[in-house]
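The structure appears right after this line, and notes come after that.
Derivation of every value follows stated rules applied to the coordinates shown; laboratory data play no part. In this text the structure is predicted, and so the values were computed from the model without any measurement. Because the Cβ atoms are built from the backbone with ideal geometry, glycine has one as well, and the counts that use them run over all protein chains shown.
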Amino acid sequence: MDALAAELLRGLHAQWPSHAELGGFEVEVGALLDLDADLLETTLRAAAPGVEVRIVRVEALLECEDCGAHYPPDEAPCPVCGSARAKAIAGTELGVRRAWARRAPGGAPG
Ligand SMILES: [Zn+2]
């Protein structure tokens, strides 16, 4: 988990060289990943003190390879045609979705 957190922060630092400017960031974690999102959040908070960390869980969605219907994994097999052949089209996301700047103290105009 430490290595994953470090990699996410490395990517962030490419855009935000200084923690002083980074106000916070949002990390997408797909539901299909075998990943403890709470532990990731804790690790990121510890690694980036003073920076707001938001974990966004992305629900899994499957696409039927026979009829093209989209459905959540708990409705499998395909509720439209009954096929068990499907691929994940959502739920495997992992990465920083967005980041934002720290507000200037005193609220600079603009
Ligand atoms: Zn189908």
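Quick notes on this one:
- Residues that are surrounded by fewer than 19 Cβ atoms within 10 Å (Cβ to Cβ) and part of a strand (DSSP E or B) were ranked within segment 1-27; the one that is nearest to the chain's Cα centre (by Cα) is Glu26.
- Some residue of segment 9-16 being in contact (Cβ under 8 Å) with a residue 12 or more places away in the chain, in contact with a Leu (Cβ under 8 Å, 6 or more places away or on another chain) and small (Gly, Ala, Ser): no
- Counting only residues that are within 19 Å of Ala37 (Cβ to Cβ), within 16 Å of the ligand (Cβ to nearest atom) and in a strand (DSSP E or B), segment 58-104 holds 2 of them.
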